[in-house]
Ligand SMILES: [Zn+2]
């Protein structure tokens, strides 16, 4: 079965100014002005739903399907953009390392916005120490 690319599609739509409508049983309707695109909860790469979304975006942006698809999933030989694990909408630029009483450590990729605020660590005690690195710092280390 091919990969679920729905997160990449939602990330692309968010980056390019679409607004997500209320979720329905099968997905959500995204709008930009008077144009709407239905985005299913799960979209497999190469499926009819994938082709539907690409067709609609290509017509809306007046460019080729290939170039829209490449902007969503990346081009061959190009590394996939790391996506923020908190909002799943923006490219990850930071790494958050949160320690809980030296017992548990949570490491998450984050975007600038999510990295700058209290991200959800679930129930219970807040972390005892939080460090935030930019991804360049991590790669240089
Ligand atoms: Zn984020």
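The values are calculated or read from the model by the stated rules, or taken from the named source; none is laboratory data. What you are looking at is a predicted structure, and each value in this text was computed from that prediction instead of being measured. As a convention, Cβ positions derive from the backbone with ideal geometry for all residues, glycine included, and neighbour counts pool all protein chains shown.
Within the stretch 31-46, track down each residue that is out of contact with any strand residue (DSSP E or B) (no Cβ under 9 Å at 6 or more places or on another chain) and outside any strand (DSSP E or B).
Listed by number, the residues that qualify are 33, 34, 46.
Mind checking which residues of the stretch 91-141 are modelled with pLDDT under 70 and within 16 Å of the ligand (Cβ to nearest atom)?
Of everything in the stretch 91-141, those that are modelled with pLDDT under 70 and within 16 Å of the ligand (Cβ to nearest atom) turn out to be 116, 117, 118, 119, 120, 121.
Residue by residue, here is whether (1) assigned to a strand (DSSP E or B); (2) in contact (Cβ under 8 Å) with a residue 12 or more places away in the chain; (3) surrounded by 13 or more Cβ atoms within 10 Å (Cβ to Cβ) holds:
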site	(1), (2), (3)
22	no, no, no
29	yes, no, yes
54	no, yes, yes
66	no, no, no
96	yes, yes, yes
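Exactly one condition in (1) at pLDDT 85 or above; (2) under 30 Å from residue 131 (Cα atoms); (3) surrounded by 15 or more Cβ atoms within 10 Å (Cβ to Cβ) is false for residue 7; which is it?
Status for residue 7: all satisfied but (3).
Given the conditions (1) modelled with pLDDT of 90 or more; (2) surrounded by 12 or more Cβ atoms within 10 Å (Cβ to Cβ), report the number of the one that residue 62 does not fulfil.
Result: residue 62 passes all but (2).
Any residue at all in the stretch 75-96 that's farther than 20 Å from residue 135 by Cβ and in contact with a helix residue (DSSP H, G or I) (Cβ under 6 Å, 6 or more places away or on another chain)?
Looking through the stretch 75-96, none of the residues is farther than 20 Å from residue 135 by Cβ and in contact with a helix residue (DSSP H, G or I) (Cβ under 6 Å, 6 or more places away or on another chain).
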